[in-house]
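Quick notes on the structure that follows.
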Amino acid sequence: MPLKPLIKILTEAGMGSRRRMAEAIKQGNVKVNGEIAASFNHPIDPAKDRVIFNGQAVNLKPDKIICLMLNKPEDVVSTVSDEKGRRTVLDILPDKYKRHRLYPVGRLDIDTTGLQLLTNDGDLTYRLTHPRFEYEKEYLVHIKGSLKKEEKQQLERGILLEDGMTHPAKIQEVSLSPFNYSITIHEGRKRQVRRMFERLRHSVLALRRVRIGKLSLGDLKEGEVRQLSDKEMAALLNG
Ligand code: URA
C-alpha cells in the first residue's frame, strides 16, 4: 500500500482538522507503532502501521469522504456536542448519516440559519476554514430600516471592530422577505456580520448564509440536508 504522511492519515480518518492534528502531534498525543510521533509527515503504511491518537486506535482505512449541506435552523448549535444540552447539527441529521464521523465545517451562530457544511474530511475543513484560501461567504441580512449611503460604503470599505478592521465586503440591497441586504465577506470572525451591522447601530433581526464559494444553498428547506456530489465537492475545492 502507498505510504501517506501521518497528518493526512489522521485527517482522513476523521480525527479532526489539520490544525488540531498538527497540535496533537506537537503535544505528543499521537503514537506510531508504540513510539510518540516526531513529525507531521512521518510516512505511514496503512496496511502495516498502528497509529494511536489520544490513546485510541485510528482506523487507517476510513470511510469514503462525504460532505453534507445542511440548511441549519435556528436554535441548533454548529458543534458536535453541547454542554448545555442544546440540539446540535449532528442531532438533526437523518440516521443514515450518523455512522459517518462527521463534524461541522466552521460555525454559524445559534440564531443564524442557512448553509452549514459537514464532512468527515479534515483536508476539506482546512481548505474551507483557513483564511488563506479566502472563500467568499454570502449572507442575507434583515435589518430594521435601511442603510445610509455612507454606512453602506463603510461596510464595503472595511469597518473597525474590537478585533481589527474588516476586509472589504460586498453589499447589495435585496427584497427577499424578510431579508433586505446581502453581504459577501471573505473572513470568518466570530459573529462578524452581526458585529459589522451593530457597529453602525443596526441590529440584525435575521441572518442566513446562502453561499460558500461556488456552492449555493439553493432551495434546500430549513432542517433539510443533502449530500454533495463528487462534482460539487471538486467545484467547491477549486475556488
Ligand atoms: N456572521 C455572524 O454574525 N454570524 C454567523 O453565524 C455567521 C457570520
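So the values come out like this:
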{"item": "Where a residue in segment 180-197 is acidic (Asp, Glu) and its partner, wherever it lies, is within 8 Å of the ligand (Cβ to nearest atom), with Cβ under 9 Å and at least six apart", "result": "Glu187/Lys137"}
{"item": "Counted residues, segment 1-48 - those being acidic (Asp, Glu) and outside any helix (DSSP H, G or I)", "result": "2"}
{"item": "Counted residues, segment 175-203 - those being of a type in the set (Gly, Ala, Ser), under 24 Å from the mean Cα position of the chain (by Cα) and within 12 Å of the ligand (Cβ to nearest atom)", "result": "1"}
{"item": "Entirely in segment 137-239, the strands (runs of 3 or more DSSP E) that have 1 or more residues that are at pLDDT 95 or above and exposed (fewer than 13 other Cβ atoms within 10 Å of the Cβ)", "result": "170-176, 225-227"}
{"item": "Residue that is away from the ligand (no atom under 14 Å from the Cβ) and out of contact with any Cys (no Cβ under 9 Å at 6 or more places or on another chain), where the choices are Leu237, Leu161, Leu217, Leu207", "result": "Leu237"}
{"item": "Complete set of residues in segment 55-88 that are surrounded by fewer than 12 Cβ atoms within 10 Å (Cβ to Cβ) and farther than 20 Å from Arg99 by Cα", "result": "Gly55, Asp75, Glu83, Lys84, Gly85"}
{"item": "Flag if Leu60 is closer than 30 Å to Lys231 by Cβ and in contact with a Phe, Trp or Tyr (Cβ under 9 Å, 6 or more places away or on another chain)", "result": "no"}
{"item": "From the options Leu155, Leu160, Leu140, residue that is hydrophobic (A, V, I, L, M, F, W, C), in the same structural domain as Leu200 (by TED's automatic domain parsing), touching a Ser or Thr at 6+ places or on another chain (Cβ under 7 Å) and in contact (Cβ under 8 Å) with a residue 12 or more places away in the chain", "result": "Leu140"}
{"item": "Unique residue being in contact with a helix residue (DSSP H, G or I) (Cβ under 6 Å, 6 or more places away or on another chain) and free of Cβ contacts under 8 Å to residues at least 60 places away in the same chain when the list is Lys214, Lys231", "result": "Lys214"}
{"item": "Pair list, Cβ < 6 Å and 6+ apart or interchain, from segment 46-62 residues that are among the small types (Gly, Ala, Ser) to residues that are modelled with pLDDT under 90", "result": "Ala47/Met1"}
{"item": "Number of the exception - Leu128 against (1) hydrophobic (A, V, I, L, M, F, W, C); (2) in contact (Cβ under 8 Å) with a residue 40 or more places away in the chain; (3) over 20 Å from Thr79 (Cα atoms)", "result": "(3)"}
{"item": "Qualifying positions in segment 1-15 - buried (at least 18 other Cβ atoms within 10 Å of the Cβ) and at pLDDT below 90", "result": "Thr11, Glu12, Ala13, Gly14, Met15"}
{"item": "Unique residue being closer than 30 Å to Asp219 by Cα and modelled with pLDDT under 95 when the list is Arg86, Arg50, Arg20, Arg101", "result": "Arg101"}
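Residues checked against (1) acidic (Asp, Glu); (2) within 24 Å of Leu60 (Cβ to Cβ); (3) in contact with a Gly (Cβ under 8 Å, 6 or more places away or on another chain); (4) not in a strand (DSSP E or B):
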{"site": "Glu83", "(1), (2), (3), (4)": "yes, no, no, yes"}
{"site": "Asp91", "(1), (2), (3), (4)": "yes, no, no, yes"}
{"site": "Lys96", "(1), (2), (3), (4)": "no, no, no, yes"}
{"site": "Arg101", "(1), (2), (3), (4)": "no, yes, yes, yes"}
{"site": "Pro104", "(1), (2), (3), (4)": "no, no, no, no"}
{"site": "Ile110", "(1), (2), (3), (4)": "no, no, no, yes"}
{"site": "Gly114", "(1), (2), (3), (4)": "no, no, no, no"}
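The values are calculated or read from the model by the stated rules, or taken from the named source; none is laboratory data. Given the structure is predicted, the values throughout are model-derived calculations rather than measurements. Note: ideal-geometry Cβ built from the backbone for every residue, glycine included; neighbour counts use all protein chains shown.
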